[in-house]
Amino acid sequence: GLPVFQGVDGRLPAGKARCDVRTHCEPLPVDVTVLGISPHMHDLGREFKVVARLPDGEQLPLIWIKDWDFDWQGTYQFAKPVRLPKGSVICLHAVYDNSVGNPKNPNQPPREVIWGVQATDEMCLCGVQIITDKPADLVAISKMAGYELAVGLEGGIPVQAKRQKTVQPATRSGFPTD
């Protein structure tokens, strides 16, 4: 998984219409197959974009929600699994709006918001559901920085994941338009 919250000391300033959060994982230590992705933000979230930067520098889109809605958090299973080679880096860019102009802002007038579990707090989490070629590869994945916040791994023999929401397979030419 890629569990993160960043920003100005983990805070979203009151009244700020655009707060950009960018982060990435360390390079993947093994080849993986991505089955799905689980973006998570609360009401101040406006946009959520995740790409995989491949070892050759090419960027492979994984998900891009251009107009975030709190009800869209959950797992999005890819229609076709996405293969990421060793050395790939998963990059996240989230945008928040903590201004009075955000109709979804639960705080009127806006107040400084910090990371937290309450709906009036904010989060920036992204779980990436993967399988590996062999169970031993899971050990390398589990040693990645930030893994201690991940909720779990699947690995070894690929299994058919239960489909909740299906998105079009990622393409190297760009993000799905629908």
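The values are calculated or read from the model by the stated rules, or taken from the named source; none is laboratory data. Because the structure is predicted, anything quoted here is derived from the model rather than measured. Glycine also receives a Cβ, built like all others from the backbone with ideal geometry; neighbour counts cover every protein chain displayed. Protein only, heavy atoms only, side chains kept; ligands, DNA and RNA dropped before computing areas. Shrake-Rupley method; radii C 1.70, N 1.55, O 1.52, S 1.80 Å.
The table below lists the values:
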| read-out | value |
| --- | --- |
| Search result, residues across the stretch 121-138 that are over 24 Å from R22 (Cβ atoms) and either without any contact (Cβ under 8 Å) to a residue 24 or more places away in the chain or among the hydrophobic types (A, V, I, L, M, F, W, C) (or both) | I131, K134, P135, A136, L138 |
| Every residue from the stretch 102-119 that is open to solvent by 60 Å² or more (accessible area, probe 1.4 Å) and out of contact with any helix residue (DSSP H, G or I) (no Cβ under 9 Å at 6 or more places or on another chain) | P103, P106, Q108, P109, R111, E112, I114, W115, V117, Q118 |
| Residues satisfying the stated conditions in the stretch 4-25, i.e. outside any strand (DSSP E or B) and modelled with pLDDT of 90 or more | P13, A14, G15, K16, A17, R18 |
| The lone exception for Q73 - which of (1) open to solvent by 10 Å² or more (accessible area, probe 1.4 Å); (2) in contact (Cβ under 8 Å) with a residue 40 or more places away in the chain; (3) under 18 Å from the mean Cα position of the chain (by Cα) it fails | (2) |
| The stretch 86-102 residues that are of a type in the set (S, T, Y), paired with ones that are surrounded by fewer than 17 Cβ atoms within 10 Å (Cβ to Cβ) (beta carbon under 6 Å, 6 or more apart) | S88/L54; S99/G15; S99/A17 |
| Among residues of the stretch 117-138, those that are at pLDDT 85 or above, among the hydrophobic types (A, V, I, L, M, F, W, C) and out of contact with any strand residue (DSSP E or B) (no Cβ under 9 Å at 6 or more places or on another chain), counted | 1 |
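Okay, residues lined up against (1) open to solvent by 10 Å² or more (accessible area, probe 1.4 Å); (2) touching an Asp or Glu at 6+ places or on another chain (Cβ under 8 Å); (3) of a type in the set (S, T, Y):
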residue: D20; (1), (2), (3): yes, no, no
residue: T23; (1), (2), (3): yes, no, yes
residue: P27; (1), (2), (3): yes, no, no
residue: V30; (1), (2), (3): yes, yes, no
residue: G45; (1), (2), (3): no, yes, no
residue: F48; (1), (2), (3): no, no, no
residue: A52; (1), (2), (3): no, no, no
residue: D56; (1), (2), (3): yes, no, no
residue: Q59; (1), (2), (3): yes, no, no
